[in-house]
1. Identify the residue in segment 125-138 that is more than 23 Å from Glu62 (Cβ to Cβ) and in contact (Cβ under 8 Å) with a residue 60 or more places away in the chain and, among all such residues, is surrounded by the fewest Cβ atoms within 10 Å (Cβ to Cβ).
2. Is it fair to say Ile141 is at pLDDT below 95 and surrounded by 14 or more Cβ atoms within 10 Å (Cβ to Cβ)?
3. Would you mention how many residues in segment 169-179 are in contact (Cβ under 8 Å) with a residue 24 or more places away in the chain and either in contact with a Pro (Cβ under 6 Å, 6 or more places away or on another chain) or farther than 24 Å from Val67 by Cβ (or both)?
4. Would you tally the residues in segment 161-180 being modelled with pLDDT under 95 and within 20 Å of the chain's Cα centre (by Cα)?
5. Please verify whether segment 169-177 includes one or more residues that are more than 26 Å from Ile201 (Cα to Cα), surrounded by fewer than 21 Cβ atoms within 10 Å (Cβ to Cβ) and touching a Lys or Arg at 6+ places or on another chain (Cβ under 9 Å).
6. If you go through segment 87-102, how many residues are of a type outside the set (S, T, N, Q), within 14 Å of Ala59 (Cα to Cα) and out of contact with any helix residue (DSSP H, G or I) (no Cβ under 6 Å at 6 or more places or on another chain)?
7. Scan segment 182-190 and tell me whether some residue there is buried (at least 17 other Cβ atoms within 10 Å of the Cβ) and not in a loop (DSSP other than H, G, I, E, B).
Amino acid sequence: MQMKNTLLVTALTLALSACASSESETKSAITETAKQSKIEMTNKAMEAVDLNNGDLYEAHVEGRIYVFDDFDTYQEFLSVGETSFRQTFIGAGPNGETIVYGMTSEDKKKHFSKIAAYNLYMGTLAPSESFYGEMRMENRIYVFDSVEDMKSVREVGEASLRYTDIGSGPKGETVVYVLRNDNKKVKPVAMIEEFKKHNNIK
């Protein structure tokens, strides 16, 4: 009798172990499927956005933040103080500023949520590894190699770690290269070269 009970307990234990193992495998499969689905959805969303994610430009003027992902459109704005095509969001800035996205003629055919400038600004599009950012504020030009640093300066109004080059801008502006703990001890040679290249400075 005792032998039968032992065999019965063993059989039940094995059955329960098999069920637990099966349930664990099922949960693992569901989790993996969910992860894969999320990746596919993200990829599709990224495909829907124009991946012009290598650069971002801003100009802070009279309570407005003008944002561009196209250098020529940005330069046009700096020259004439306006853009031909734009999308405006009143009070959407970090301190209640109006945000104006300068758009190309191609951009105007798209919904604003598909524009790289909007997505880079909002943090819904990852920047490229060789990201270049430029922000003009209070007669200073801030230069970035990180979109997160750009966001921080936009919100705070200043850079805590920086390399300042007085009078080196294209019109004699002070240029501020925004640094971090990992690069604060060296001259930002690569950022300086990028700035000169973008602004046609020899």
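1. Just the residues of segment 125-138 that are more than 23 Å from Glu62 (Cβ to Cβ), to begin with: 125-132.
Okay, now just the ones that are also in contact (Cβ under 8 Å) with a residue 60 or more places away in the chain, so 125-128, 130-132.
Numbers: Leu125: 23, Ala126: 13, Pro127: 22, Ser128: 13, Ser130: 10, Phe131: 20, Tyr132: 20.
Ranking the qualifying residues of segment 125-138, first place goes to Ser130.
2. Details: at pLDDT below 95: no; surrounded by 14 or more Cβ atoms within 10 Å (Cβ to Cβ): yes.
Taking the combined requirement at face value, the residue does not satisfy it.
3. Residues meeting the conditions: 1.
4. Total meeting the criteria: 1.
5. Our first condition is that a residue be more than 26 Å from Ile201 (Cα to Cα); within segment 169-177, this holds for none.
No, every residue in segment 169-177 fails to be more than 26 Å from Ile201 (Cα to Cα), surrounded by fewer than 21 Cβ atoms within 10 Å (Cβ to Cβ) and touching a Lys or Arg at 6+ places or on another chain (Cβ under 9 Å).
6. To start, the set of residues in segment 87-102 that are of a type outside the set (S, T, N, Q) comprises 89-94, 96-97, 99-102.
With within 14 Å of Ala59 (Cα to Cα) added as a condition, the list becomes 93, 97, 99-102.
Checking which are out of contact with any helix residue (DSSP H, G or I) (no Cβ under 6 Å at 6 or more places or on another chain) leaves us with 93, 97, 99-100.
Qualifying residue count for the region: 4.
7. No.
The rows are residues; the columns are (1) outside any helix (DSSP H, G or I); (2) hydrophobic (A, V, I, L, M, F, W, C); (3) touching a His at 6+ places or on another chain (Cβ under 9 Å).
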| position | (1), (2), (3) |
| --- | --- |
| Leu120 | no, yes, no |
| Arg136 | yes, no, yes |
| Val153 | no, yes, no |
| Pro170 | yes, no, no |
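The values are calculated or read from the model by the stated rules, or taken from the named source; none is laboratory data. These numbers were taken from a predicted model, which means no experiment stands behind them. A quick note on method: Cβ atoms are made from the backbone with ideal geometry, for glycine too, and the neighbour counts reach across all protein chains shown.
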